[in-house]
Amino acid sequence: MLSGALVTALRAVVGDDGVIDGAAALLVYECDGYTLERAAPELVVLPRAPAEVGAVLRLLAAGGIPFVPRGAGTGLSGGTLPVGAPVMVCTSRMQRIEAIDATNRRVTVEAGVVNQWVTNAVRAHGLHYAPDPSSQPACTIGGNVAENSGGPHTLKYGVTTNHVLGVELALPTGDLVQLGGAVEDRPGYDLVGLAVGAEGTFGIVTRATLRLVRTPEGTRTLLAVFDSVEAASEAVSGIIADGIVPAALEMMDRLMIGAVEVAYRVGLPVDAGAVLLIELDGPAAGLEPQVARVERVCRAHGVREIRVARDEAERAALWKCRKRAFGAVGRLAPNYCTQDGVVPRTRVPEILRRIAAAGERHRLRIGNVFHAGDGNIHPILLFDARDPDEVRRVLAAGREILEACVELGGSLTGEHGIGVEKIAEMPLLFGPDDLRAMTAIRAVFDPAGRANPHKIFPDAKVCVETRAPRRQAAL
Amino acid sequence: MTPWAEIVGAAHVRPGGAADAVDGVVPRAVVRPGTVDEVRACVRAAAGAGAALLARGLGAHLDVGAPPARLDVLLDVARLARVLDHRAGDMTVTVEAGCPLPALADVLAGAGQWLPLDPPRAGRTTVGGLVAAGLFGPLRASQGRVRDLLLGVRVVGADGALVAGGGRVVKNVAGYDLPKLHVGALGTLGVLVEATFKVRPRPPCGRALVAACGDVGAAADLALAARDAAVEPFWLVLEGERVSVGFAGVAEEVAAGAAAMRALAERRGARVADVDPVAARGRAADMPGEPAAAVLRAGVLPGDVGAALRDIDAAARAAGTAVRTLAHVACGVVYAAVAAEAPVPRLVAHLRPRMEARGGSLVVERAAPGVKRALDVWGDPGPGLPLMRGVKAALDPGALFAPGRFVGGL
């Protein structure tokens with residue numbers, strides 16, 4: 001139980017409207033996009049500025065109280081689940097875009113700025129922020145930095161870590177420390193690279209300086225329709241092998257095509273085995289020859305039909321299908337669980353077979369909508385949370401899929417993070433010596449283990465109340 | 001000497017000589033392990049004996065960094081030189097640390113691919129040196145740096161454990177991003193034995209132009225304008241009053257980029273000539289590795305490159321020495337090669353505060369040992385230094401690896 005004196009002191013820092021402690025209001029904070037485990041914090045604190053984050057953490061440090069950082073709560077691995085941490089510190093009120101430097105293609109933002117806002121703010125300069133997770137209308141830059149988020153366009157442009165030049169980190173002591181900055185090549189260890197993707201275990205990122213990229217002169221978006229996921233997978237390999245680097249290369253299988261078509265009515269071929277969403281961008285002069293090459297490769301792999309978006313509206317409609325595909329799944333089953341794994345890109349056909357086999361074995365419907373060009377799979381397991389046996393089978397199938405990813409030379413997560421969800425699987429990928437090196441580094445930033453405790457590392461796992469998951473919010 | 005011979009065989013141990021000196025410090029022994037297990041045994045033996053250890057590939061970049069505080073064993077990893085696994089379809093390659101870049105390039109070229117990093121002295125650079133020194137060249141403008149292409153590492157830690165970080169796939173957020181920590185760390189956190197990189201298709205066409213602008217300010221302005229052109233340059237360097245720009249990709253894109261660049265430069269009154277793209281980029285890549293009393297490296301914002309060049313020019317004139325500069329405009333890196341040793345400390349004292357005032361830095365990238373001892377080669381690493389000390393203490397508590405070479409005496 002937190003002391004009344006502490007709560008009073010926290011209110012003095014963040015204002016009365018910056019503290020949430022009512023049981024009903026706290027329900028919102030008991031999980032993020034990963035809903036299979038839930039735990040409500042005792043208190044949610046919402047600082048309005050980086051200095052207030054520092055002041056809040058100083059108060060918590062004085063009491064030795066663990067805390068969990070949270071942005072918009074769109075994470076998919078339970079990274080914001082308060083496990084053994086009574087206080088949640090939310091950055092969502094820290095929404096200032098502090099500096100836009102178009103000449104140098106930099107922007108500095110507070111952690112609570114929403115991903116999409118960054119691009120909106122710099123679009124007039126012909127620039128954009130490249131990492132584009134599906135949740136980009138809601139997710140925050142602070143959360144993106146914590147998770148090293150990806151998105152469809154990371155195939156060509158790289159993930160969050162390739163676009164973060166500096167962060168201000170509030171250490172668990174409450175000290176704010178600037179790592180990196182607008183200028184590249186400051187001497188020293190790459191602590192920015194280390195802090196990106198640390199999942200809140202170093203403290204709370206309060207500000208970030210981001211690299212902006214030039215918005216390409218031209219874009220071509222194609223929808224290629226295939227009879228089978230195998231043929232579509234082979235076309236993906238063919239495109240990569242041909243030396244083409246598309247801006248994005250996404251796949252949707254039949255189950256997902258059906259769900260999306262029912263939800264958004266854009267005329268997708270519901271009898272197709274798979275569709276590829278292929279985007280090429282760059283200088284106008286080079287685009288058409290590349291489109292022609294992609295079409296040639298697709299034809300060589302038996303493509304049934306290729307549609308090229310004729311204008312921005314058609315392009316937007318195709319992307320809406322892709323980015324809101326998860327939302328469409330709600331019509332198919334009361335609940336779903338999105339997995340995130342990676343295989344070497346040539347093993348995509350094999351992992352899809354393994355996913356299908358896991359579905360059959362556990363009597364589950366599984367759809368796939370994923371970043372095929374990166375080998376980053378997102379099987380979506382449909383279930384009904386009122387059926388405890390089905391929940392158990394979902395967890396078992398998820399585990400088998402991750403095991404298959406590792407066995408095929410891949411990874412447990414491409415962009416969602418380990419959080420609480422995949423702690424038990426970490427030893428599949430890393431040995432005791434690897435994990436020891438990581439926990440030693442964690443102790444440098446957070447010697448007492450108070451920043452987002454019981455995340456990422458297996459020995460930190462404690463029991464969380466696992467309840468029947470509710471119907472999932474569409475992301 | 002005995003424990004080393006027991007580990008690697010007598011044929012692979014010899015006493016250190018003058019030719020093995022690192023910044024003038026001669027190691028007691030040069031040990032050449034042939035396997036990762038031998039590296040581990042060497043590290044354990046060194047740790048047990050309290051001996052300071054420095055890993056070396058082909059030795060082309062040992063002039064980067066501060067002089068070692070101690071050096072007992074030079075661990076030559078040149079025998080660990082295999083390309084372990086090139087997966088052309090996945091566009092990844094896993095390679096041992098001692099593999100020279102030309103050998104790696106040969107393997108990748110077989111599939112029309114390459115690792116698009118072009119450090120100075122590339123012919124004598126190993127994968128380990130590339131990572132440890134965080135080397136780059138003109139291609140950084142469009143292809144990124146080691147940190148952007150490195151997917152995974154295996155590193156022998158201070159207790160002799162083989163520690164893996166990252167992985168072999170192009171997208172991966174499982175665990176901390178340990179590979180980034182080792183990039184540019186000069187081997188101070190462990191002995192890198194293996195690295196996995198993302199590779200890319202080799203662009204089918206290339207062209208390069210050089211524009212002579214008459215003065216440095218006009219050249220800096222042209223370079224920024226070239227960066228913003230519809231076809232973004234493959235690489236872009238500024239040497240004195242000349243801007244060199246490379247384009248690569250499909251033929252149509254390259255032709256359009258070169259034509260637009262020519263028009264842009266000529267509108268500004270520059271004289272433009274076509275040059276061989278490979279040779280021009282190679283010369284620019286090698287500049288920081290060419291003989292000089294010292295090579296300084298300033299980091300500034302791209303928009304401040306012109307001002308940094310003016311500062312360097314004024315400082316050189318005041319110090320009465322000749323300085324040759326080369327700037328990678330897109331990333332804000334400016335090299336200054338200084339002809340004479342004596343004025344280097346004065347130049348650094350004059351220029352470093354100016355670069356730091358712009359939020360940047362000034363590093364003495366390469367210099368004769370005598371020059372290095374007279375100054376701080378690194379400058380201020382910023383407010384992260386206590387955390388950096390913590391990371392070093394966590395991974396190398398006994399200061400076994402290359403002590404004294406890195407920032408803050410690490």
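What do you reckon, is B:Val300 of a type in the set (Val, Ile, Thr), under 13 Å from B:Gly360 (Cβ atoms) and not assigned by TED's automatic domain parsing to the domain that holds B:Ala220?
Taking the combined requirement at face value, the residue satisfies it.
Is there any pair with a first residue in the stretch B:101-128 that is within 14 Å of chain A (Cβ to nearest Cβ) and in contact (Cβ under 8 Å) with a residue 12 or more places away in the chain and a second that is in a loop (DSSP other than H, G, I, E, B) and of a type outside the set (Gly, Ala, Ser) whose Cβ atoms are under 6 Å apart and which are 6 or more apart or on different chains, and what are they?
Close Cβ pairs satisfying both conditions: B:Leu108/B:Val199; B:Gly112/B:Arg202; B:Gln113/B:Val199; B:Trp114/B:Arg202; B:Pro116/B:Leu139.
Take the residues in the stretch B:195-212 that are at pLDDT 95 or above and out of contact with any helix residue (DSSP H, G or I) (no Cβ under 8 Å at 6 or more places or on another chain); name whichever of them is farthest from the other protein chains (Cβ to nearest Cβ).
Filtering first and then ranking leaves B:Ala212.
Would the stretch A:154-171 turn up any residue that is crowded, with 21+ Cβ neighbours inside 10 Å, of a type in the set (Gly, Ala, Ser) and farther than 26 Å from B:Pro204 by Cβ?
Yes, the stretch A:154-171 contains at least one residue that is crowded, with 21+ Cβ neighbours inside 10 Å, of a type in the set (Gly, Ala, Ser) and farther than 26 Å from B:Pro204 by Cβ.
Take residues that are within 18 Å of B:Val155 (Cβ to Cβ) and tell me which of the strands (runs of 3 or more DSSP E) falling wholly in the stretch B:1-82 contain 2 or more. Steps first, please.
Working: elements: B:13-15, B:29-31, B:53-56, B:73-76.
Result: B:53-56, B:73-76.
Just need a number here: residues in the stretch B:213-248 that are within 15 Å of B:Gly332 (Cα to Cα), among the charged types (D, E, K, R) and away from every other protein chain (no Cβ under 14 Å).
Summing the residues that are within 15 Å of B:Gly332 (Cα to Cα), among the charged types (D, E, K, R) and away from every other protein chain (no Cβ under 14 Å) in the stretch B:213-248 gives 1.
Look at B:Leu362 and say whether it is within 12 Å of chain A (Cβ to nearest Cβ), of a type outside the set (Gly, Ala, Ser), outside any helix (DSSP H, G or I) and under 28 Å from B:Val237 (Cα atoms). Full working, then the answer.
Working: within 12 Å of chain A (Cβ to nearest Cβ): yes; of a type outside the set (Gly, Ala, Ser): yes; outside any helix (DSSP H, G or I): yes; under 28 Å from B:Val237 (Cα atoms): yes.
Spelling it out, B:Leu362 is indeed within 12 Å of chain A (Cβ to nearest Cβ), of a type outside the set (Gly, Ala, Ser), outside any helix (DSSP H, G or I) and under 28 Å from B:Val237 (Cα atoms).
Being surrounded by fewer than 21 Cβ atoms within 10 Å (Cβ to Cβ), modelled with pLDDT under 95 and part of a loop (DSSP other than H, G, I, E, B), is that true of even one residue in the stretch B:391-407?
No - not one qualifying residue is present in the stretch B:391-407.
Please work out which residue is farthest from B:Arg82 (Cα to Cα), limiting yourself to the stretch B:153-194 and to residues that are of a type in the set (Lys, Arg) and within 7 Å of chain A (Cβ to nearest Cβ). Please lay out each step first, then the result.
Narrowing the stretch B:153-194 to residues of a type in the set (Lys, Arg): B:154, B:168, B:171, B:180.
Now narrow it down to the ones that are within 7 Å of chain A (Cβ to nearest Cβ): B:168, B:171, B:180.
On the way: B:Arg168: 16, B:Lys171: 24, B:Lys180: 22 Å.
Here the answer is B:Lys171.
Could you list all residues from the stretch B:83-105 that are under 17 Å from the mean Cα position of the chain (by Cα) and assigned to a strand (DSSP E or B)?
Answer for the stretch B:83-105, where residues must be under 17 Å from the mean Cα position of the chain (by Cα) and assigned to a strand (DSSP E or B): just B:Pro100.
Report those helices (runs of 4 or more DSSP H) wholly inside the stretch B:106-205 carrying at least 2 residues which are closer than 30 Å to B:Ile7 by Cα and of a type in the set (Gly, Ala, Ser). Before you say what the answer is, go through the steps one by one.
Numbers: elements: B:127-132, B:140-143, B:146-149, B:178-182.
Here the list reads B:127-132.
Is there any pair linking a residue in the stretch B:268-284 that is in contact (Cβ under 8 Å) with a residue 40 or more places away in the chain to one that is part of a loop (DSSP other than H, G, I, E, B), with Cβ under 6 Å and at least six apart or on different chains, and which?
Going by the 6 Å Cβ cut-off, the qualifying pairs are B:Ala270/B:Cys213; B:Arg281/B:Pro138; B:Ala284/B:Pro138.
Among the residues in the stretch A:218-239, are any buried (at least 19 other Cβ atoms within 10 Å of the Cβ), more than 10 Å from chain B (Cβ to nearest Cβ) and among the basic types (Lys, Arg)?
Looking through the stretch A:218-239, at least one residue is buried (at least 19 other Cβ atoms within 10 Å of the Cβ), more than 10 Å from chain B (Cβ to nearest Cβ) and among the basic types (Lys, Arg).
Evaluate the stretch B:47-60: report whether one residue or more is of a type in the set (A, V, I, L, M, F, W, C) and surrounded by fewer than 16 Cβ atoms within 10 Å (Cβ to Cβ). I'd like the intermediate steps shown before the answer.
Our first condition is that a residue be of a type in the set (A, V, I, L, M, F, W, C); within the stretch B:47-60, this holds for B:47, B:49, B:51-55, B:58, B:60.
So of that shortlist, the ones also surrounded by fewer than 16 Cβ atoms within 10 Å (Cβ to Cβ) come out as B:49.
There is at least one residue in the stretch B:47-60 that is of a type in the set (A, V, I, L, M, F, W, C) and surrounded by fewer than 16 Cβ atoms within 10 Å (Cβ to Cβ).
Could you check the stretch A:407-429 and list, in sequence order, the residues that are surrounded by fewer than 24 Cβ atoms within 10 Å (Cβ to Cβ) and within 9 Å of another protein chain (Cβ to nearest Cβ)?
So in the stretch A:407-429, the residues surrounded by fewer than 24 Cβ atoms within 10 Å (Cβ to Cβ) come out as A:407-409, A:423-429.
Hits for the stretch A:407-429 are A:Gly409, A:Glu425, A:Met426, A:Leu429.
I'd like to verify a number: residues in the stretch B:386-410 that are at the interface with chain A (Cβ under 7 Å from one of its Cβ atoms) and over 19 Å from the mean Cα position of the chain (by Cα), how many? Break it down stepwise before answering.
Of all residues in the stretch B:386-410, those at the interface with chain A (Cβ under 7 Å from one of its Cβ atoms) come to B:387-388, B:390-391, B:394-395, B:407.
The next check asks that each one be over 19 Å from the mean Cα position of the chain (by Cα); those that pass are B:387-388, B:390-391, B:394-395.
Adding up the residues that qualify gives 6.
The values are calculated or read from the model by the stated rules, or taken from the named source; none is laboratory data. Bear in mind that the values here come from a model prediction, so they are computed numbers and not experimental data. For neighbour counting, all protein chains shown are included, and Cβ atoms are generated from backbone atoms with ideal geometry for every residue, glycine included.
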